[in-house]
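What follows is calculated from the coordinates using simple rules that are stated; it is not laboratory data. What you see is a predicted model; the values in this text were computed from it and never measured. As a convention, Cβ positions derive from the backbone with ideal geometry for all residues, glycine included, and neighbour counts pool all protein chains shown.
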Amino acid sequence: MERTFIMVKPDGVRRGLTGEIIQRIERKGFQIVAMKKMRISREMAETHYAEHQGKPFYEGLVRFITSGPVVAMVVEGPGAIAEMRRLMGATRPWEAAPGTIRADFAITVDENVIHGSDGPESAAREIGLFFKPEEILS
Ligand code: IDP
């Protein structure tokens, strides 16, 4: 069993794609063990995207991720981290495989609908940043 952090980004929420994304996660067979709709503070955005600090797109990324509500989730299941990355598709939607969330619903890299942890360490860090232990079902 593995847990990953998934977030419908502000563009996905704004465009009414939350239900579609939840449906894909559930149909695949994964469990959503925590979920909340929330607005990310600037501080939280800076922590979440710390690895991108200094890159040319960083300011825009922080501004975008704080521009409206997101839906944050903890998704659980065998191989959840890699499998959710596969369902999401590549970061750049034009490189994402057909049938993936980013290929089906996004055009640009800066507004690519969904975030998913890229490894066990980032999953643990991101889950800890967004959820208190008691908010996650066991
Ligand atoms: P990931 O979201 O697929 O893990 P990362 O490389 O961790 O991709 O980048 C985090 C987010 O930063 C991306 O999802 C995307 O929204 C944004 N991003 C990455 N590269 C660029 C870029 O070159 N221009 C604009 N935004 C970018």
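Pairing residues of region 46-58 that are without any contact (Cβ under 8 Å) to a residue 24 or more places away in the chain with residues that are in a loop (DSSP other than H, G, I, E, B), at Cβ distances under 9 Å and at least 6 apart in sequence or on separate chains, gives Glu46/Gln53; Tyr58/Tyr49.
Return yes when Ile127 is of a type in the set (A, V, I, L, M, F, W, C), away from the ligand (no atom under 11 Å from the Cβ) and in a loop (DSSP other than H, G, I, E, B) and no when it is not. Here the answer is no, as Ile127 does not meet what is asked.
When Ala82, Ala96 are screened for being within 13 Å of Glu2 (Cβ to Cβ), of a type in the set (A, V, I, L, M, F, W, C) and out of contact with any Phe, Trp or Tyr (no Cβ under 7 Å at 6 or more places or on another chain), only Ala82 passes. Scanning region 102-124 for residues that are among the hydrophobic types (A, V, I, L, M, F, W, C), in contact with a strand residue (DSSP E or B) (Cβ under 9 Å, 6 or more places away or on another chain) and either more than 11 Å from the ligand (Cβ to nearest atom) or farther than 14 Å from Lys9 by Cα (or both) yields a count of 3. Answer yes or no: is there a residue in region 100-107 that is surrounded by 14 or more Cβ atoms within 10 Å (Cβ to Cβ), polar (S, T, N, Q) and more than 13 Å from the chain's Cα centre (by Cα). Checked against the condition, which is being surrounded by 14 or more Cβ atoms within 10 Å (Cβ to Cβ), polar (S, T, N, Q) and more than 13 Å from the chain's Cα centre (by Cα), region 100-107 yields at least one hit. Looking at Ala82, Ala50, Ala96, Ala34, just one residue is exposed (fewer than 12 other Cβ atoms within 10 Å of the Cβ), on the phi < 0 side of the Ramachandran plot and hydrophobic (A, V, I, L, M, F, W, C), and that residue is Ala50.
Answer with yes or no whether Val62 is over 18 Å from Leu17 (Cα atoms), among the hydrophobic types (A, V, I, L, M, F, W, C), within 12 Å of the ligand (Cβ to nearest atom) and surrounded by 12 or more Cβ atoms within 10 Å (Cβ to Cβ). Yes: the conditions hold for Val62. Check region 59-77 and report whether any residue there is closer than 20 Å to Gly119 by Cβ, among the hydroxyl-bearing types (Ser, Thr, Tyr) and touching a helix residue (DSSP H, G or I) at 6+ places or on another chain (Cβ under 8 Å). Looking for residues that are closer than 20 Å to Gly119 by Cβ, among the hydroxyl-bearing types (Ser, Thr, Tyr) and touching a helix residue (DSSP H, G or I) at 6+ places or on another chain (Cβ under 8 Å), one finds none in region 59-77, hence no.
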